[in-house]
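The values are calculated or read from the model by the stated rules, or taken from the named source; none is laboratory data. Quick caveat, the model's predicted, so the values are computed rather than measured. For neighbour counting, all protein chains shown are included, and Cβ atoms are generated from backbone atoms with ideal geometry for every residue, glycine included.
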Amino acid sequence: MTSQNLIDMEDQYGAHNYLPLDVVLTRGEGIWVYDIDGKKYLDFLSAYSSVNQGHCHPRIAKKMIEQAQKLTITSRAFRNDQLGLFCKEVCDLTNMEMLLPMNTGAEAVETAIKMARKWGYTVKGVEKDRAEIITCAGNFHGRTTTIIGFSTEQLYKQYFGPFTPGFKSIPFGNPKALKNAIIKNTVAFLVEPIQAEGGVLIPPDGYLKECETICRENNVLLILDEIQTGLGRCGKLFACQHENVQPDAFILGKALSGGFYPVSAVVSTREIMGVFKPGEHGSTFAGNPLACSVAREALKVLVEEGLVENSEKMGNYFMDKLKTIKSKHIKEVRGKGLLIGVELVPEAGGARRFAEALKEEGLLCKETHENVIRFAPPLVITKEDIDWAFERIKKVLESL
């Protein structure tokens, strides 16, 4: 069957809620992926940062096969021999005390919302059903109806209301706006350290640290969504570590499993996470032994193979090279670690055509928010790989 046959089949039988590049992938290894015709591409998206460890990392694959042959799921009706170890190891990495496992990033965000609200009522003393959570304009926290309700992107919201109340939006990167938005019913500030989906938007230096101080002074939980920015993507294990910030809760996902399986988690302190009681929250698949075993090995790979350090080193090298490109299309190059955005001027005709041209050159990336090309290769990338990619990026940006 040809690529076009499979594209046509997907377009006929699959819902049209994505606009993928027309490349049909069948195999991946490290930073490389291959289409069904055997053409090789350098993956510069990493499944939206899900494969920080590289495609089909052999250590994680081996662990997944071993666990799949022993026990895959028990539900939370029973205990398994992987969940406790997973919880402890993630808590150790995050300097937290308790973990609640889920499957997808959006589920973890929903979990954090429920946790913050119950903490507000039972610990802070907020009047029942009056809790308020502050979020930022331009955020991306997922696709559930509650989450899109506090998005400021109209495309995500149109035709999907009515939405869940209890959220207030403020400008991203403005700590004064946070301070002014807090009221007696505010229970949490939910924020991404860098808005990845929003266009790789980086707040001013000191922003997160100031937000941490404001939250502490007002008894408001600081909840960091590090689903995309965490686990080495931004040159630190967690992006907030660039400012030595310790939140009240982390939301984790994507690279937590190295791209092998949906695994997400909310990690917090005993006082905050301890508000959950049996029967109040859960998921049949969450915390299953296959997920936990895979995630444990994925985290070991990140730490033991120095991928966090490589992200910082290669990110700095790549950023410096990108800034040498002389193109009338480029407005700004920005990023941290290996999460990099190249914003184009409006006259460039949109980032999509550049992503399509790069695909023809053997490099896969994706546009975000129309005018930004996002570059986020697996953290196993080398200097030689970046040089190879840079030649093609420079060619497209300077000649298209």
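Which of the following residues is out of contact with any helix residue (DSSP H, G or I) (no Cβ under 7 Å at 6 or more places or on another chain), farther than 24 Å from Gln195 by Cβ and modelled with pLDDT of 95 or more: Glu361, Glu391, Glu343, Glu332?
Answer to the check: Glu391.
So, of the residues in the stretch 25-70 that are small (Gly, Ala, Ser) and in a loop (DSSP other than H, G, I, E, B), which turns out to be farthest from the chain's Cα centre (by Cα)?
Gly38
What are the pairs with Cβ atoms under 7 angstrom where one residue, in the stretch 279-291, is touching a residue at least 60 places away in the same chain (Cβ under 8 Å) and at positive phi and the other, located anywhere, is buried (at least 19 other Cβ atoms within 10 Å of the Cβ) and hydrophobic (A, V, I, L, M, F, W, C)? Sequence gap at least six, or different chains.
What qualifies is Gly287/Leu83.
Just checking, does the stretch 293-315 include any residue being closer than 28 Å to Gln53 by Cβ, among the small types (Gly, Ala, Ser) and free of Cβ contacts under 8 Å to residues at least 60 places away in the same chain?
For the stretch 293-315, residues closer than 28 Å to Gln53 by Cβ, among the small types (Gly, Ala, Ser) and free of Cβ contacts under 8 Å to residues at least 60 places away in the same chain: present.
Kindly list, by first and then second residue, each pair from a residue in the stretch 124-137 that is under 26 Å from Glu192 (Cβ atoms) and assigned by TED's automatic domain parsing to the domain that holds Thr186 to a residue that is part of a loop (DSSP other than H, G, I, E, B) and of a type in the set (A, V, I, L, M), limited to pairs with Cβ atoms under 8 Å and residues at least 6 apart or on different chains.
Glu132/Ile183; Ile134/Ile182; Ile134/Val220
Is there a residue in the stretch 262-274 that is of a type in the set (A, V, I, L, M) and touching an Asp or Glu at 6+ places or on another chain (Cβ under 8 Å)?
Within the stretch 262-274, one or more residues are of a type in the set (A, V, I, L, M) and touching an Asp or Glu at 6+ places or on another chain (Cβ under 8 Å).
Could you tell me which numbered condition Thr74 fails, if it satisfies all but one of (1) among the polar types (S, T, N, Q); (2) outside the structural domain of Ala355 (by TED's automatic domain parsing); (3) not in a loop (DSSP other than H, G, I, E, B)?
(3)
Considering only helices (runs of 4 or more DSSP H) fully contained in the stretch 113-220, which possess at least 2 residues that are surrounded by fewer than 17 Cβ atoms within 10 Å (Cβ to Cβ) and modelled with pLDDT under 95?
By residue number, 154-157.
Test Asn180 against the criterion of being among the polar types (S, T, N, Q) and either free of Cβ contacts under 8 Å to residues at least 24 places away in the same chain or closer than 30 Å to Lys331 by Cα (or both), and give yes or no.
yes
Taking Gly14 as the residue in question, decide whether it is of a type outside the set (D, E, K, R), under 17 Å from Glu360 (Cα atoms) and without any contact (Cβ under 8 Å) to a residue 24 or more places away in the chain.
So Gly14 fails the test.
I'd like the full set of residues that are small (Gly, Ala, Ser) and not in a strand (DSSP E or B), limited to the stretch 329-358.
Within the stretch 329-358, Gly337, Ala348, Gly349, Gly350, Ala351, Ala355, Ala357 meet the criteria.
With surrounded by 24 or more Cβ atoms within 10 Å (Cβ to Cβ) and either touching a Phe, Trp or Tyr at 6+ places or on another chain (Cβ under 8 Å) or under 20 Å from Ile113 (Cα atoms) (or both) as the only criterion, which of Val275, Val267 stands out?
Sole residue among the options that is surrounded by 24 or more Cβ atoms within 10 Å (Cβ to Cβ) and either touching a Phe, Trp or Tyr at 6+ places or on another chain (Cβ under 8 Å) or under 20 Å from Ile113 (Cα atoms) (or both): Val267.
Here is a list of conditions, (1) under 30 Å from Leu155 (Cβ atoms); (2) hydroxyl-bearing (Ser, Thr, Tyr); (3) surrounded by 22 or more Cβ atoms within 10 Å (Cβ to Cβ), and Ser311 meets all of them except one; can you say which number that is?
Answer for Ser311: the failing condition is (1).
Please work out which one of (1) buried (at least 20 other Cβ atoms within 10 Å of the Cβ); (2) touching a Lys or Arg at 6+ places or on another chain (Cβ under 9 Å); (3) within 20 Å of Leu100 (Cβ to Cβ) is the condition Val301 fails and give its number.
Val301 satisfies every listed condition except (3).
Here is a check on your reading of the model: is Phe276 under 23 Å from Lys124 (Cβ atoms), under 15 Å from the mean Cα position of the chain (by Cα), modelled with pLDDT of 95 or more and not small (Gly, Ala, Ser)?
The answer is no for Phe276.
Just to confirm my filter: which helices (runs of 4 or more DSSP H) fall fully inside the stretch 252-323 and include at least 1 residues that are touching a His at 6+ places or on another chain (Cβ under 7 Å) and not polar (S, T, N, Q)?
Correct list: 289-304.
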